[in-house]
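To keep things clear, I will list the structure first and then write my remarks on it.
The values are calculated or read from the model by the stated rules, or taken from the named source; none is laboratory data. If you're wondering where the values come from, they're calculated on a predicted model, not measured in any experiment. Virtual Cβ from ideal backbone geometry, glycine too; neighbours counted across all protein chains shown. For accessibility, only protein heavy atoms count, side chains too; no ligands or nucleic acids. Shrake-Rupley method; radii C 1.70, N 1.55, O 1.52, S 1.80 Å.
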Amino acid sequence: MAEQRRLLISPERLTTASNSIALNPGELHYLQRVLRLKPGGGFTICDGCGGTYLASLGNAGSANLLEKLPAIQAATPKINLLFGLFRRDLDLMLRMATELGVDQLQPLQAEYSLLEPGEQRIDRWKTILKEATEQSERCWLPLLEQPKLAVDGLASPAAAGVCRWIGVTREAGVCSLQEELQSHAAVAAQQWQLACGPEGGWSPAELQIAVNAGWKPITLSSTVLRCSTAAICALALMQHQRLQLNGYKSTANLPGHRFEIS
């Protein structure tokens, strides 16, 4: 079986009449030093939107496009994670969320959030998502939305075909996410939305706003999970259920995740 070699390049750079694309220093370093490719070595280029190309490394810091391959359809239901901003392990959570197939990420500035990200931190998050997309051999780059206030993000009405859940702790009589994912509504949905809180959880006002907007409280564990742990636990369950719904026996067959070249 051929070794996986993948590079993510934006669609704008791929829409060119030429079959040669100039690589920036970071991309060239990745191909030559990390993947250890020599001129003429083959790899796959993906545009982060399901488009893939067979390519080879050129002699002068360029990539030669050899063949455009059939587009890879995005997996369904779409998985959207809304997370209250937190400090510890946020970068790791973003990387693991990408590996687990998250489609959209919405940072929320919650009442108990201890982090107020600037543009530099957001740029770093985008770099993490790009690197994790390449490493996990996905064809779809997760969409990172601009941070917004939690009260605004949770108050927006749900569209048709969307199931939305909000993680809570110490709430009696709350269903587990596992149970919810097996419900008829979840099986028939086009999108799953999950909101995980920051350190200290959601404020009473935020939780009430969420419930009024159709977010259903769920639990993930009999123990209280750290923010990053809760998000990854939930995404693992959602990815597993999505695989089951689509009839895949391994992530090697999930659209947008693995693609073999020779």
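Among DSSP bridges having both ends in the chain, what percentage is antiparallel? Round to the nearest 5. That works out to approximately 35 percent antiparallel. Pairs from the list 78/130; 130/216; 148/216 with a Cα-Cα gap above 26 Å: 130/216. All other residues with a Cβ under 13 Å from the Cβ of residue 194 taken together, and with Lys, Arg as +1 and Asp, Glu as -1, what is their net charge? Here the charged neighbours net out to +2. The lysines whose alpha-carbon is closer than 17 Å to the alpha-carbon of residue 68, local same-chain residues fewer than 8 away aside, do not include any residue.
Rounded to the nearest 10 square angstrom, residue 72 shows an accessible area of 30 square angstrom against a 1.4 Å probe.
Evaluated with a Cβ-only charge set (Lys, Arg +1; Asp, Glu -1), segment 104-246 carries a dipole of roughly 200 debye about its Cα centre, given to the nearest 20. Based on DSSP H segments of at least four residues, each scored -39500 (n - 2.57), the chain has a per-residue ellipticity at 222 nm of -8500 deg cm²/dmol. For residue 123, the accessible area of its heavy atoms, probed at 1.4 Å with every protein chain present, is near 80 square angstrom.
Subtracting the Cα-Cα distance of residue 178 and residue 146 from their residue separation scaled by 0.36 nm leaves 8.6 nm. Within the chain, the longest run free of GluC sites (Glu not before Pro) that sit in a DSSP loop with at most 15 other Cβ atoms within 10 Å is 4-144. For the charge dipole of segment 75-170, defined by +1 on Lys and Arg C-beta atoms and -1 on Asp and Glu C-beta atoms about the Cα centroid, which residue among 115, 168, 105 has the Cα displaced farthest towards the positive pole? Towards the positive end, the residue furthest out is 168. Applying the criteria of a DSSP loop state and at most 11 other Cβ atoms within 10 Å to the trypsin sites (Lys or Arg not before Pro) of segment 130-198 yields 170. Among the trypsin sites (Lys or Arg not before Pro) in segment 11-83, those placed in a DSSP loop whose Cβ has at most 16 other Cβ atoms within 10 Å are 36.
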